[in-house]
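The values are calculated or read from the model by the stated rules, or taken from the named source; none is laboratory data. Quick caveat, the model's predicted, so the values are computed rather than measured. Using ideal geometry, Cβ is built from the backbone for each residue, glycine included, and neighbour counts are taken over all protein chains shown. Only protein heavy atoms, including side chains, enter the accessible area calculation; ligands, DNA and RNA are left aside. Shrake-Rupley method; radii C 1.70, N 1.55, O 1.52, S 1.80 Å.
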Amino acid sequence: MRVYKIVDDTGDIGVEVYGENYKELFEKLSYAIFDLMVENGRVSEKIEEDGNLDSSDFLQLIVRFSNHLIYLFDHHKFVGKRYFVDFTKKEKDYSLKYKIYGERIVQSKHQIKRFLKSATYHNIDYFVNDGKKGIRIYFDL
Amino acid sequence: MKSIRNFLKRIDESRMIIQKGSLDGIDVDCIVYLNEELEKNLQDDALLQLVNVARLPHIVKRSIAMPDIHSGYGFPIGGVAAFDFENGIISPGGVGYDINCGIRCLLTDITVYDLKDKIKDLLTRIFLDVPSGIGSDGRLKLSKNDLKRIVRKGALWAVENGYGFEENLERIESGGFIPESDFASLSEKSIDRGLNQQGTLGSGNHFLELDYVSEIFDENLASSFGLFKNQVAIMLHTGSRGFGHQVCSDYVDRFTSYNLKEKIILPDRQLVYASFKSVYGKDYYHAMNCAANYAFCNREIISFFIKKSFEKFYKTDKIGIRLLYDVAHNIAKVEEHTLDGKTKKLIVHRKGATRSFPKGHKDLTGLLKKTGQPVLIPGDMVSGNYIMVGGEKSLYESFGSTAHGAGRLLSRNQSQKVAKRKDVIKEIEKSGVFVLSQSRRTILEEIPEAYKDIENVVETVKNAGLSYPVVKLLPIGVIKG
């Protein structure tokens, strides 16, 4: 089953992901971000990265989380393989805890496809389709 | 509902207008520089972005888009807007993610005939010496103190540390550094991302090209700039790398939090802004200038590597490599412009637009004060590039700005689909261009068909008097990031 769908943009690239719930939505978004950059099949689970993020705005949390994953890739050379996200909504506050298993990028092992440089608010959307939650987000290349 | 396109009227062969007052909330005109051919490819969403910019507070005179307009984030690519210095705003969306992405042109004493049989070997030498590609790290491992100095000194840091040349500084926009920068305005993440990427080309549409002068349009200016027929030149397109992206993301996030708190709703979240004189506005301006200085330094260091590659290859330092000019095309600057006969300080945003100051302008120095500022406009990797010169009219029409390139026509996905139908690399080589990249995908995404016709862009800005062609360059070797 396809985890995400690529959405066209003139200069850059976007994705749409769907999930049964928020947890699945963020886990699939994590997969999409790393899979857009590195061929997933060759990634092993050697180390883990974890942390938490929050916001009073759901779209801001999506962009913050996406940009954090891009930072892990660009600075820590980390690429994910397996993703766990716990999502909490309390009144007007959204927060998530993530744990990602993956490894550091090795040029000779990993096939790098493209580099997402930033997540943006451009045409960003959260929607519900056939009972599933969906996100559309675009990245600057 | 009436499409936004219906409000766009042609003024003359190179300009179109949406008049102020014709749409809700626009108190200034929207001007797009387009000839009839380019008008056919104008995207509605890019036009809407131009109109959204006109709705920003304290915008001065007009919202402008260059002929290479296409959809961006917040502002359209090719967008120019100026805001009042005293009461106006600054917007990360008006600068872009790759802060001070820009073009630099180096000249040599070599002719294309000297290079004919050596192009593959020379380009391979440069490819090995200049780190490029996705997530590429540089050979320079910087300390936090080095980074502190780079964001303050820009290209001067490269000169002081043996990676650049003093004579280059007066050939870089703003002398290669902008003084109003502040390390304290940077996040830990941006500092992290800045440490390992100096002296790297990067990926995406960034490139390094070996070109030759194929056509001369203005003999006098060409001679003043040191250009001659068949001369080999090098064009370099890169910016502030992950560092600049992190700065932009940080401040879009910070401004967004403020808007959420104050319940400010914008037509597009990427249009977030802050009053220039507020703490938020000042912090962004200082951080943006850190990234601008980082980019000036990056292009100077890469030029140093290129010079060394040529010298190693030819086993002599008599190649005559020198800098023609280095221009920013993603930046916001404080400049003085004349409005209704009065000199006013403005915050000029150029998002995919190039400064285009004419001869005599007070901010130009040395030879360039007599000639006007060189304007570097790249096309696709086969059609070639133009060296132009700033036009007098740009000061009255576009806050001293002109186009920055051909402008994208196809999405990356569409480009790949077109490219898969043929042997792209073979076709490019058939056109006399040898191409290298860390990623085949990048070449497929950057095929010539992905871009608008550079000739239309150049003709439009020339007819509008924004800048004038001096020479045309044709590529013979291309490194795509």
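Within the span defined as segment B:144-160, one or more residues are open to solvent by 40 Å² or more (accessible area, probe 1.4 Å) and either within 14 Å of chain A (Cβ to nearest Cβ) or touching a strand residue (DSSP E or B) at 6+ places or on another chain (Cβ under 6 Å) (or both).
When B:G96, B:G88 are checked against the criterion of being open to solvent by less than 10 Å² (accessible area, probe 1.4 Å), within 14 Å of chain A (Cβ to nearest Cβ) and in contact with a Lys or Arg (Cβ under 9 Å, 6 or more places away or on another chain), B:G96 stands alone in meeting it. Total residues in segment B:117-143 satisfying the condition of being touching a Gly at 6+ places or on another chain (Cβ under 8 Å), open to solvent by 40 Å² or more (accessible area, probe 1.4 Å) and assigned to a helix (DSSP H, G or I): the figure is 1. Identify all residues within segment B:365-376 that are surrounded by fewer than 19 Cβ atoms within 10 Å (Cβ to Cβ) and either on the phi > 0 side of the Ramachandran plot or in contact with a strand residue (DSSP E or B) (Cβ under 9 Å, 6 or more places away or on another chain) (or both); write none if there are none. The one that is surrounded by fewer than 19 Cβ atoms within 10 Å (Cβ to Cβ) and either on the phi > 0 side of the Ramachandran plot or in contact with a strand residue (DSSP E or B) (Cβ under 9 Å, 6 or more places away or on another chain) (or both): B:G366.
Scanning for something part of a loop (DSSP other than H, G, I, E, B), without any contact (Cβ under 8 Å) to a residue 60 or more places away in the chain and within 21 Å of B:D98 (Cβ to Cβ), does segment A:77-91 turn up at least one residue? There is at least one residue in segment A:77-91 that is part of a loop (DSSP other than H, G, I, E, B), without any contact (Cβ under 8 Å) to a residue 60 or more places away in the chain and within 21 Å of B:D98 (Cβ to Cβ).
Just for segment B:400-451: of the residues that are in contact (Cβ under 8 Å) with a residue 24 or more places away in the chain and among the β-branched types (V, I, T), which one is nearest to the other protein chains (Cβ to nearest Cβ)? Checked segment B:400-451; the qualifying residue nearest to the other protein chains (Cβ to nearest Cβ) is B:T442. With respect to the stated conditions, B:G204 fails to be at positive phi, surrounded by fewer than 23 Cβ atoms within 10 Å (Cβ to Cβ), within 14 Å of chain A (Cβ to nearest Cβ) and modelled with pLDDT under 95.
Among the residues of segment A:72-96, how many are open to solvent by 20 Å² or more (accessible area, probe 1.4 Å) and within 21 Å of B:K189 (Cα to Cα)? Qualifying residue count for the region: 4. Residues in segment B:388-407 that are among the aliphatic types (A, V, I, L, M) and out of contact with any helix residue (DSSP H, G or I) (no Cβ under 9 Å at 6 or more places or on another chain): 1 in all. Among the residues of segment B:261-272, is any assigned to a helix (DSSP H, G or I), open to solvent by 60 Å² or more (accessible area, probe 1.4 Å) and without any contact (Cβ under 8 Å) to a residue 12 or more places away in the chain? Yes, the conditions are met somewhere in segment B:261-272. Restricting B:F183, B:F255 to residues that are over 18 Å from B:D326 (Cβ atoms) and surrounded by fewer than 19 Cβ atoms within 10 Å (Cβ to Cβ) narrows the list to B:F183. Note on segment A:36-50: among residues that are within 14 Å of another protein chain (Cβ to nearest Cβ) and either among the aliphatic types (A, V, I, L, M) or in a helix (DSSP H, G or I) (or both), the one that is farthest from A:S95 (Cα to Cα) is A:V38. Scanning segment A:94-141 for residues that are modelled with pLDDT under 95, part of a strand (DSSP E or B) and within 14 Å of chain B (Cβ to nearest Cβ) turns up A:I112, A:D140. Against the condition more than 30 Å from B:I119 (Cα to Cα) and either within 14 Å of another protein chain (Cβ to nearest Cβ) or open to solvent by less than 30 Å² (accessible area, probe 1.4 Å) (or both), how does B:G379 come out, does it pass? Taking the combined requirement at face value, the residue does not satisfy it. Of the residues contained in segment B:101-115, none is found to be more than 16 Å from B:E209 (Cβ to Cβ) and assigned to a loop (DSSP other than H, G, I, E, B). Sub-8 Å Cβ pairs linking a first residue in segment B:238-259 that is within 17 Å of B:S132 (Cβ to Cβ) and more than 9 Å from every other protein chain (Cβ to nearest Cβ) to a second residue that is basic (K, R) and assigned to a helix (DSSP H, G or I), at least 6 apart or interchain, are B:T238/B:R299; B:F243/B:R193, ordered by first then second residue. Checked against (1) touching a Lys or Arg at 6+ places or on another chain (Cβ under 7 Å); (2) outside any helix (DSSP H, G or I), B:M381 meets all criteria but (1). Taken together, the residues in segment B:15-43 that are open to solvent by 70 Å² or more (accessible area, probe 1.4 Å) and either part of a strand (DSSP E or B) or charged (D, E, K, R) (or both) amount to 6.
Answer with yes or no whether B:S190 is surrounded by 24 or more Cβ atoms within 10 Å (Cβ to Cβ) and of a type in the set (S, T, N, Q). Yes, satisfied. Per the listing B:G88, B:G78, B:G93, the residue uniquely in contact (Cβ under 8 Å) with a residue 40 or more places away in the chain and in contact with an Asp or Glu (Cβ under 6 Å, 6 or more places away or on another chain) is B:G78. One residue stands out among those in segment A:8-28 that are within 14 Å of chain B (Cβ to nearest Cβ) and within 15 Å of A:F127 (Cα to Cα): the one that is surrounded by the most Cβ atoms within 10 Å (Cβ to Cβ), which is A:V15.
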